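Visitor: Right, I'll just put the structure down here and ask away after.
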Amino acid sequence: MPPRFMTMRRQALLALACLVILGLPTAAMAGSRLLATGGVSAIEGAAGGGLSPWAVLTGTASEGEWAVTANRGAARLDDFRLDVSGVAANWQDRVEVSFARQRLGLDTLGGKLEQDIHGLKVRLFGDVLYHPLGIWSAGVQHKRLADGSLARAVGAHDTQGNDLYLAGSKLFFDAVAGRNLLVNLTLRSTRANQGGLLGFGGDEKRGRSVVAEGSLGLFLTPSWVVGMEFRQKPDNLGFAREDHWRDVYTAYFFNKHLSLTGAWLDLGDIAGLEAQRGGYLSLQVAF
């Protein structure tokens with residue numbers, strides 16, 4: 001049996017096991033939380049913005065409920081194209097498990113890179129709407145490249161690694177011209193180069209870096225949010241500088257089951273190719 005098929009089968013069995021566990025009779029389908037309080041799907045699978053995980057958990061599940069979301073996203077940059085597919089599950093607004101597969105097409109250099117990301121997020125305390133300190137969660141993302149030969153060639157030390165993060169999110173009512181404002185701060189411990197697509201650690205630095213990520217989202221209506229994100233990056237590889245990421249985005253929640261996110265990305269220089277900018281579009285379905 002081909003190794004790739006066996007890997008896909010293990011992933012499918014893992015996803016099925018998660019759904020069975022989450023679907024025990026002690027929990028019901030989601031719906032109690034307010035619209036948009038689960039954010040959208042980040043490019044690494046967790047609930048949040050497009051570039052960064054937030055403290056909120058996916059979907060609208062509250063205590064005694066569970067939720068499942070699926071997403072498909074694509075970014076088209078000057079010299080690269082990124083496609084992301086992911087699923088996530090939320091158990092009683094306490095635990096989120098997620099899986100994402102990233103495919104990076106190297107339009108100028110030729111070839112492609114693929115990465116699998118398994119995520120786990122746990123809500124520590126709080127509530128995004130009503131707690132004075134907002135909601136706080138801790139998470140881990142295990143990342144593994146399907147083929148690490150290119151990452152090794154450019155100086156990466158490893159082809160798999162773990163990101164650890166602590167995130168806090170808070171919605172401020174009537175903050176700007178009578179509109180609600182969502183603020184998120186995430187601190188990440190990572191060794192990932194370009195989010196892991198170019199491996200982990202490098203010839204310049206093998207160890208971990210603690211980096212900051214921030215997001216703002218202004219709700220023009222209860223269903224429509226516009227905002228911006230910033231994601232600090234480590235700089236581990238000597239062959240090319242790694243720039244920070246930023247975007248401006250908008251997301252529209254048609255209802256609790258369907259949302260669409262669009263963004264303009266500025267990812268700086270990637271692998272020596274300058275000024276990688278372009279559009280991003282993501283569709284999320286929730287159950």
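The values are calculated or read from the model by the stated rules, or taken from the named source; none is laboratory data. This one's a predicted model, so the numbers in the text were calculated from it and none came from an experiment. Because the Cβ atoms are built from the backbone with ideal geometry, glycine has one as well, and the counts that use them run over all protein chains shown. Side chains included, ligands, DNA and RNA excluded: accessible areas come from the protein's heavy atoms. Shrake-Rupley method; radii C 1.70, N 1.55, O 1.52, S 1.80 Å.
Visitor: Go through (1) under 30 Å from Glu204 (Cα atoms); (2) modelled with pLDDT of 95 or more; (3) more than 16 Å from the chain's Cα centre (by Cα); (4) open to solvent by 20 Å² or more (accessible area, probe 1.4 Å) and name the single condition Arg246 misses.
Guide: Only one criterion in (1) under 30 Å from Glu204 (Cα atoms); (2) modelled with pLDDT of 95 or more; (3) more than 16 Å from the chain's Cα centre (by Cα); (4) open to solvent by 20 Å² or more (accessible area, probe 1.4 Å) is unmet by Arg246, namely (3).
For (1) modelled with pLDDT under 95; (2) in contact with a helix residue (DSSP H, G or I) (Cβ under 7 Å, 6 or more places away or on another chain); (3) not basic (Lys, Arg), each residue gets a yes or a no:
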residue: Val183; (1), (2), (3): no, no, yes
residue: Thr186; (1), (2), (3): no, no, yes
residue: Arg191; (1), (2), (3): no, no, no
residue: Leu198; (1), (2), (3): no, yes, yes
residue: Arg206; (1), (2), (3): yes, no, no
residue: Ser209; (1), (2), (3): no, no, yes
residue: Glu213; (1), (2), (3): no, no, yes
residue: Leu218; (1), (2), (3): no, no, yes
residue: Thr221; (1), (2), (3): no, no, yes
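Visitor: Let me ask something additional. Is there a residue in segment 93-106 that is farther than 30 Å from Leu220 by Cα, in contact with a Leu (Cβ under 9 Å, 6 or more places away or on another chain), surrounded by fewer than 16 Cβ atoms within 10 Å (Cβ to Cβ) and of a type outside the set (A, V, I, L, M, F, W, C)?
Guide: No; the residues of segment 93-106 include none that is farther than 30 Å from Leu220 by Cα, in contact with a Leu (Cβ under 9 Å, 6 or more places away or on another chain), surrounded by fewer than 16 Cβ atoms within 10 Å (Cβ to Cβ) and of a type outside the set (A, V, I, L, M, F, W, C).
Visitor: Within the group Leu120, Leu57, Leu82, which residue is out of contact with any Cys (no Cβ under 9 Å at 6 or more places or on another chain), part of a strand (DSSP E or B), surrounded by 15 or more Cβ atoms within 10 Å (Cβ to Cβ) and of a type outside the set (Val, Ile, Thr)?
Guide: So the residue among Leu120, Leu57, Leu82 that is out of contact with any Cys (no Cβ under 9 Å at 6 or more places or on another chain), part of a strand (DSSP E or B), surrounded by 15 or more Cβ atoms within 10 Å (Cβ to Cβ) and of a type outside the set (Val, Ile, Thr) is Leu82.
Visitor: Cβ-Cβ below 6 Å, separation at least six or inter-chain, first residue in segment 161-185 and within 21 Å of Leu35 (Cβ to Cβ) and part of a strand (DSSP E or B), second open to solvent by 30 Å² or more (accessible area, probe 1.4 Å) and among the charged types (D, E, K, R): which pairs?
Guide: Qualifying pairs under 6 Å: Val183/Lys170.
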